[in-house]
1. Quick check on my filter: what residues within region 27-54 are touching a Phe, Trp or Tyr at 6+ places or on another chain (Cβ under 9 Å) and of a type in the set (Val, Ile, Thr)?
2. I'd like to verify a number: residues in region 33-78 that are among the polar types (S, T, N, Q) and over 15 Å from VAL23 (Cα atoms), how many?
Amino acid sequence: MKKIAACLLALWLLPAWTAAGAVLEGTVQKIDREQNMILLNTESGTETVLITNSTKGANNLKPGDKIKVTYREEGGKLVAETIAPNQGGPPPTPSEIPGA
């Protein structure tokens, strides 16, 4: 019985473990300080990421910055924990390539 309870607990906590510390890489499309969010162009499309007072590295963001965001999922939304410059960055989008 204890093994079953332990397995159920592990399965219940698994989404929290996998969601914590996930990383997105992309280019800042838009920053909305009133809504506390950024739009980030990634390889898989545009992502909306919420920023909070505890988000590290969010103060000096500007559109066009290539960044790496460590985030957690909260209520189905992506909440940034840290934002850092991404020197390598993802490949440029077609709109970022001259003559494409």
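Laboratory data are not the source of any read-out in this text; all were calculated from the coordinates shown. Everything quoted here is computed from the prediction, not taken from an experiment. So basically every Cβ, Gly included, is an ideal-geometry build from the backbone, and we count neighbours across all protein chains shown.
1. VAL49
2. Of the residues in region 33-78, the ones among the polar types (S, T, N, Q) are 35-36, 41-42, 44, 46, 48, 52-55, 59-60, 70.
Checking the rest, the ones that are also over 15 Å from VAL23 (Cα atoms) come to 35-36, 52-54, 59-60.
Going through region 33-78 one residue at a time, the tally reaches 7.
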